[in-house]
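Read the figures in this text as sums done on the coordinates, not as results from a lab. Not measured: the values here are computed from a predicted model. Every residue, glycine among them, receives a Cβ derived from its backbone with ideal geometry; neighbour counts consider all protein chains shown.
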């Protein structure tokens, strides 16, 4: 089954404790992206990757890092999480680099930073 | 980014058609119109997209106005599983760079049994 998976699905952590949210897709997609969703603000893009070893900032990259060492994986790293990073996070992938096709979204990771 | 305007909420009855409107008066010639939906506690799900012509797929139809300043997502027979927030999004062709979807607030569709 074609899918985007994220782990963990729920995470409660404390300020400053480094964490990684994993994202994996099994569709051989080149494009992958991370979004965060907050009430009243909609989904906002954090980082994206056009292919292996090619990543760039989205609209809200501060406090986050990403890497793309393999085509299927695109982990999101919070080196020193803060309470304002409490949010619902979605990973997405797409076969298309340009804006003519669909993006597949993962099920989400709900992160709480205390 | 070009802006879209959607009603905050709409209500429908099960097995009836639903027409979800979207205004995008500042759309440019190369902007695609996408529709995604988000069911409770799930990630967004692609529904349909188009450029100029009306489009049909197994989930829905997309009717695009001739001047492209508005579009309508049509669910032909609503089911309870169609209850979700529906997002109308314009994707801007910036020559092969970032493929970003800018989600607005969307329309919350309620389907009554």
Taking only the alpha-carbon positions of region B:1-46 as identical scatterers, the Debye log10 I(q)/I(0) at q = 0.15, 0.24 Å⁻¹ comes out as -0.56, -1.11
Report the calculated FRET efficiency for residue A:18 and residue A:41 (r = Cβ-Cβ distance, R0 = 25 Å), to the nearest 0.05.
0.50
Order by protection proxy (mean Cβ within 10 Å, highest first), peptides B:32-39, B:75-82:
B:32-39, B:75-82
Based on Cα positions only, what radius of gyration and what Dmax would you give for chain B, in angstroms?
13.6, 46
Order of A:83-96, A:55-68 by packing, highest average Cβ count within 10 Å first?
A:83-96, A:55-68
Per-residue Cβ contact counts at 10 Å, fewest first, order B:4, B:30, B:72 as B:30, B:72, B:4
Would you calculate the separation in nanometres between label points at residue A:52 and residue B:65, each defined as 7 Å from the Cα along the Cα-to-beta-carbon direction?
4.7
Proportion of all alpha-carbon pairs of region A:55-110 beyond 18 Å (%)
42
Quote the convex hull volume per residue of the protein assembly as shown, based on C-alpha atoms, as a whole number of Å³.
120
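Give the order of A:48, B:46, A:31 when sorted by the count of other beta carbons within 10 angstrom, beginning with the fewest.
Taking fewest neighbouring Cβ atoms as first place, the list is B:46, A:31, A:48.
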Determine the shielding of peptide B:34-46 by partner chains: average, over its residues, the number of Cβ atoms on other chains within 10 angstrom of each Cβ.
5
Over region B:1-54, what is the mean sequence separation of C-alpha contacts under 8 Å (at least six apart), divided by residue count, expressed as relative contact order in percent?
28
Would you work out the relative contact order for chain B, in percent, from Cα pairs under 8 angstrom that are 6 or more residues apart?
36
Partner shielding of A:31-40, as the mean number of partner chain Cβ atoms within 10 Å, equals 2
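Quick one: compute the contact order of chain A, relative version, from alpha carbon pairs under 8 angstrom and 6+ residues apart, as a percent. Don't skip to the answer; put the middle values down first.
Details: 303 pairs, mean separation 40.7, N = 114.
Reported relative contact order: 36 percent.
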Let me confirm one metric for peptide A:46-56, namely the mean number of other chain beta-carbon atoms within 10 Å of its residues' beta-carbons.
1
Over chain A, how many percent of alpha carbon pairs lie in each 5 Å bin up to the one with the longest distance?
2, 13, 24, 27, 19, 10, 4, 1, 0
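Can you put A:32, A:50, A:27 in order of Cβ neighbours within 10 angstrom, beginning with the fewest?
Values: A:32 27, A:50 18, A:27 14.
Result, fewest neighbours first: A:27, A:50, A:32.
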